[in-house]
Amino acid sequence: MAGEDIYGSSEHQQFRAVVRKFVQTELAPRAREFDEMGRPDKAIFKRLGELGLLGIRYDPKYGGQGLDYSYQAVFLEELALCDNSGVAMGISVQTDMATPALHHFGSEELKQKYLVPAIAGEQVAAIAVTEPGAGSDVAGIKTRAVRDGADWVINGSKMFITNTANADWLCLLAVTDPGAGYGGYTQIVVPTDTPGFSFRLLDKIGNRGSDTGLLFFDDVRVPVANTIGHPNRGFQQQMAQFQDERMVPVVTSPVSARRLWELTLAHAQQRVAFGKPLAKMQVNRFKFVEMMIQITAAQEMAHRCIRKMVRGEDVTLDVSMAKVFCANAKQYVATTCVQLFGGSGYIWENPAARAFVDSRLGTIGGGADEVMKEVVAKLLQI
């Protein structure tokens, strides 16, 4: 699964072993339980913090490990094998979506108050950008933050927010200067115990091990000191944070797709129909070949992005293309595997059934395919 030139060192392998043990002993056995709960319990975040897995790339000054992105990729790969994509998503929101901007742009005071406990697993974070009327079109958000003395007063709503019920604080993107276009948005840390904040959980068809909801802000008042970075620079900061977010499906999709391919092949080699195993029928053998072509190509695209992240290069073009390809490859594999399992593939206990439902989010969340293609077209000057 991993290219030797990316993370084949003994240090990487030792790190992978730590993550794998945690996933196999503390996440995978509780996969069904987390679905029933609708989210992982907060003790999981605390345990991740104790193992140093919530701040892999972050400055040791704040409790991080100060490692490069290759180690984060190892973490995400192993997390993808926890048998519950919802839980994996909730954790990756903490590590790759809600905290990068705070680490890169936040004040020392904000980092000590919110980043340090997030890295330690003592607090859970969520990223609040999408709204009922604005998803991938971030410039269309309407939630307002108006300055009143030393405070921001926030009104509006957010939609499809992961970690809704677990979150202790939000990395919120709000409009602070309506007439300034892309220069009128600000990122703000909003504690969820602030008066005027409320939420309602949503009932998703998949990824049921994560809590996703609708957030409401009714004259929510937080200090201006909770501003992440510079006021009215939030749009640019969020665009940078999106690249971390989009790397998650790029890294995880090929790994989880390969795992499903292996499980399905084992089934097809044992399941006999019309006198021979399913895997010996040419039509099915070709399906396995076609899936492996997609998985291998997706893995190579992921490796390209990882290398660029490690080198600190701009990954926008590559990750935008890779997100489209990797998410669709995973969806194709899941759909094909359901067919190969036959009737049992339509039963929820079957990993193909779960992957079939869960993988559908990949082409929508974190930037829909259509938006990613627009980004690529602009970067290619088409």
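Bear in mind these aren't lab numbers, they're just calculated from the coordinates by the rules spelled out. In this text the structure is predicted, and so the values were computed from the model without any measurement. In this analysis, Cβ positions are derived from the backbone assuming ideal geometry, glycine residues included, and neighbour counts consider all displayed protein chains.
Arranged by the count of other C-beta atoms within 10 angstrom, fewest first, what order do 253, 107, 70 take?
On the way: 253 28, 107 14, 70 24.
In increasing order of surrounding Cβ atoms, one gets 107, 70, 253.
Show which lysines lie in cross-link reach of residue 46 when reach means a straight Cα distance below 27 angstrom and same-chain residues fewer than eight apart are skipped.
21, 61, 111, 113, 158, 204
Cross-chain or 8 or more residues apart, Cα under 17 Å: how many lysine pairs in region 243-382 fit that? Count them up, please.
5
Determine ³J(HN,Hα), in whole Hz, for all residues of region 181-192 in sequence, where each value follows from phi through the Karplus function 6.51 cos²θ - 1.76 cosθ + 1.60 and θ = phi - 60°; x replaces Gly and Pro.
Each residue's phi maps through the Karplus curve to give x, 5, x, x, 10, 9, 8, 9, 7, 10, x, 7 Hz.
By how many degrees, between 0 and 90 and to the nearest 10, does the Cα long axis of helix 69-79 differ from the longest principal axis of the chain?
With both axes taken from Cα atoms, the answer is about 60 degrees.
Work through the residues other than residue 382 whose Cβ is under 11 Å from its Cβ and net out their charges, Lys, Arg +1 and Asp, Glu -1.
+1
Once both axes come from the Cα atoms, what is the angle between helix 10-22 and the longest principal axis of the chain, in degrees from 0 to 90, rounded to 10?
Orientation of helix 10-22: about 90 degrees from the principal axis.
Could you point to the residue in 252, 65, 110 farthest towards the positive end of the chain's charge dipole, with +1 and -1 charges on the Cβ of Lys/Arg and Asp/Glu respectively?
252
Principal axes first, then extents: for the Cα atoms of region 252-330, list largest minus smallest coordinate on each axis, whole Å, largest first.
Answer, in whole Å and largest first: 55, 17, 13 Å.
Classify region 4-119 as rounded, prolate or oblate from the Cα gyration tensor: take a ≥ b ≥ c as the square roots of its eigenvalues, call it rounded if a/c is under 1.5, otherwise prolate when a/b beats b/c and oblate if not. Please report the intermediate quantities before stating the final value.
Working: a/c = 2.08, a/b = 1.17, b/c = 1.77.
Taking the square roots of the gyration eigenvalues as a ≥ b ≥ c, region 4-119 is oblate.
If you put +1 on each Lys and Arg Cβ and -1 on each Asp and Glu Cβ, how big is the dipole of region 1-130 around its Cα centre, in Debye rounded to 20?
Once rounded to the nearest 20, the dipole reads 300 debye.
Counting Lys +1, Arg +1, Asp -1, Glu -1, what net charge surrounds residue 122 among other residues with beta carbon under 13 Å of its beta carbon?
Once positives and negatives cancel, what remains is +2.
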